[in-house]
1. For region 48-80, what are the residues that are out of contact with any helix residue (DSSP H, G or I) (no Cβ under 6 Å at 6 or more places or on another chain), more than 24 Å from F32 (Cβ to Cβ) and not basic (K, R)?
2. Anything in region 49-100 that is more than 29 Å from L27 (Cα to Cα), part of a strand (DSSP E or B) and touching a residue at least 12 places away in the same chain (Cβ under 8 Å)? List them, or say none.
3. Which of the residues spanning region 83-109 are out of contact with any strand residue (DSSP E or B) (no Cβ under 7 Å at 6 or more places or on another chain) and surrounded by 13 or more Cβ atoms within 10 Å (Cβ to Cβ)?
4. When you look at L43, is it of a type in the set (A, V, I, L, M) and without any contact (Cβ under 8 Å) to a residue 24 or more places away in the chain, yes or no?
5. Among the candidates A61, A45, which residue alone is closer than 15 Å to F113 by Cα and surrounded by fewer than 15 Cβ atoms within 10 Å (Cβ to Cβ)?
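None of the figures in this text is laboratory data; all of them are computed from the coordinates on show. Keep in mind the model is a prediction, meaning the values are calculated, not measured. Heads up, the Cβs are rebuilt from the backbone with ideal geometry, glycines too, and the neighbour counts pull from every protein chain shown.
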Amino acid sequence: MAKIYDFKGKRQLERVVAVLPGVQAALDEERFKVAVRAEELLLQARQASSYSEGHSSIDVADGDVDKYVILDDERGKAAAMSIEYGRAEQFVVRDDGHGQTYLDFIPATEGLFILARAANLPKKRKGKVHLD
């Protein structure tokens, strides 16, 4: 028996199609491929770096409809963003643990674009990213 849907707009039709089991299975398959490729790229970046401590990892998550591949870093959002997009050089005031502060220089780094390359997306950063 066929179901009849009353679509009030394009978005509702897209959602009905997006949650179909076959579509969700295809999204799961594509997410798996992207996540595996991202893991490979992250491992290559660690091996190529003499100072990489390995705080970051690749994680996956499910949304209501969408599937996500996430570059996660236990040091926070800014660390994962720096890995993906790079960062400008900066001076940071640090505490030596004995009540003394000193100025530390952190050099600029190029982004590795782990997620962008894994998903075959263009390696561009458009606009500013605001962290909450």
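1. Passing the criteria: A48, S49, S50, Y51, E53, G76, A78, A79.
2. R87, Q90, F91, V92
3. Y85
4. Yes; evaluated as a whole, the condition is true for this residue.
5. After ruling out the rest, the residue left standing is A45.
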